[in-house]
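Encoded as C-alpha cells, the structure appears first; notes follow it.
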C-alpha cells in the first residue's frame, strides 16, 4: 500500500506540477500575462458578473410578433400552393388573435384538390420520444368554399422553443463582438432570455445591439403611389405598406409588401467607407440563392427605386441604375463609424425571430465586484487558516502533510478552472471554501484510523498502511455521494447554482487525489527517510 512504482510517482508529481503551472497565471494581472512569451500558459479564471461588474438583462420575446411573422409566411405558402395548382381563390386573410389563415376557393370543382394540397402544409410536431402525434397546423373546412389553417398549441410551443433557441444563438454571436469573456445567456420560463455580460461598461450600446431584431429586407418602392398623399388620406394601396425612414424627421415611403431578397440570404457583412464620399457604409454579400434573386430583381426593375428595410425602417431607397449581378452591395444611411460597425454585427449574426423587450435591467458596478472579491478572498484565507491550524494542532506532522495537500488541492482547482475557461462567481468561491473542509475530512478519517491501529499495538508501518487501506472505502463512499449531489445541482441548476456545483465538483475530485494519493506518497517518503519508532500523530 505504501510502495509506489516509479511511474506512479512521476504521474503524481506531474499532475501536481501541471496544476500549479496552470494556476500561476491567476496571481498576475491580465496585462502582465499578455506580455509573457507565447509558450507560457496564459489562461486565467474568468470572473463572473458578481465579481467584476457588468450588465444583467432579462429579455422577453414578443410572442404576437412571432405569430404574425409565422402567419405571413403561411399566407405566402398558401398563395404559392394554390397558384402552383392553378386554383383560383379569394379572401386570403390572416387573424393574429385567432392564429388563423383563411382562404376561399372560387370554383367548387377545385375545392377538394385545394383542401388536400393545403393539408400537406401541416407538419408533425416532435415529442420527447419521437413524434407526439400532433401537427403544427390544423387544416379544416370553413363553410362551403372556405379552408381554415389554424396554428395548434403544440405547434406554437415548438415554434416558441425554436425561437428562443435561435434568439440565444443570435444574442451570443452579437455579444461576442464586444470581446467579453464568458457571457451567460440562458432561457428563463416560456419566452424569456437572461443575458449576463461581465466586465462590460457600455451597457446602452449592448442593449441597442441585442435589441435590434436585425430583420433585413429588400423591397420595391411603389412608383405609382404618392407617399405624402397616402399619409394624408391614410389610404394605402392594396399589396403596399407605408413605412418611414430612420431620418429625423422621418420620410414616408410606400413600399410593396413582396420581399425580393431577405437577410436570411446574407453570408457576410462588414463596415467600410464609401470611396467617393468617405462616409461609413456597410457592405454585404449574399449566398448563391440570394445573389440570383438580387440579380433577377435588379434586372427587372432598372430605373426604379428599391428600399433597403431594417426592422421596419427604411435605411435607404436608391434607384437601380443597372443590374447588380455580383451578389454583393452596400448600405449607406448617414451612419457614424460605431453605428456602421454595430449594423454589420447585427446583420452578420442573423435576425432575431421576433422583437426582444427588456423587462428587467441591473448594472453591477466594478467597485461592488471588487468588494465581492475582497470579501471572498478574506473568507477563503480565513477558512484556510483555521483549517490549517486545526489540522496541525490535532495531528502534528501528519496534519502538516494534510495542509500541504490542501494547498495543492486549491491550486488544482484554479488550474482546472483556468484550463477549461470556467467562470468564477461568488457562489463558486463558497464552493472552494466548502471544498477545503471536505478535502481535510479524508485525512481526518485516515489519521484517526491510524491512531486506532497504533493503540491496538501494531508497528508504525503496519498502522499507517492499515489506516489508509481501511479508510479508503469510507472516503470513496462519502465523496461519491457528495459528487452525485453536485452533479445533480449542475444538471438542474443554472447561473450561480452551476458556478457553485462546478467548483465543488472539481474540488471533490482533486481532494480524492490529494488527500489520499499525495499524502500517502509524502508519508511513504517520510517513513523511508526517518524510519521512526513512534508515529507523531
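Read the figures in this text as sums done on the coordinates, not as results from a lab. Keep in mind that what you see is a predicted model, and the values were worked out from it rather than measured. Backbone-built Cβ (ideal geometry, glycine too); neighbour counts: all protein chains shown.
A few remarks follow.
- The chain: C-alpha pair distances exceeding 45 Å, %: 40
- Rounded FRET efficiency, nearest 0.05, which uses the C-beta distance separating residue 84 from residue 244 and R0 of 30 Å: 0.25
- Dimensions in Å of the range 382-445 - Rg and Dmax from alpha carbons: 12.5, 38
- Cβ crowding within 10 Å ranks 149, 27, 260 as 27, 260, 149, fewest other Cβ atoms first.
- Ranked for footprinting exposure by Cβ neighbours inside 10 Å, fewest first, 296, 30 give 30, 296.
- Taking the number of Cβ atoms within 10 Å of each Cβ as an exposure proxy, the fewest-first ranking of 285, 348 is 285, 348.
- Between 0 and 90°, nearest 10: helix 519-530 axis offset from the chain longest Cα axis: 30
- Classification of the range 387-537 by its C-alpha gyration tensor yields a prolate form. The axis ratio a/c (a ≥ b ≥ c) is 1.5 or more, and a/b outweighs b/c.
- Oblate is the label for the range 129-285, because a/c, from the alpha-carbon gyration tensor with a ≥ b ≥ c as root eigenvalues, is 1.5 or above and a/b does not exceed b/c.
- Between the Cα long axis of helix 397-420 and the first principal axis of the chain there is an angle of about 20°, rounded to the nearest 10.
- Computed as a quarter of the hull surface, the mean projected area of the alpha carbon convex hull for the range 63-158 stands at 6.2 nm².
- Pairwise Cα separations in the range 212-362 fall into 5 Å bins from 0 onward with the following percentages, short to long: 2, 9, 17, 21, 21, 16, 9, 4, 1, 0, 0.
- Working note: 222 nm ellipticity from helices only, DSSP H runs with n ≥ 4, each -39,500 (n - 2.57), summed and divided by the residues of the chain, gives -17000 deg cm²/dmol to the nearest 500.
- The overall shape of the range 1-53, judged from the alpha-carbon gyration tensor, is oblate: a/c is not under 1.5, and a/b is no greater than b/c.
- Between 0 and 90°, nearest 10: helix 63-84 axis offset from the chain longest Cα axis: 50
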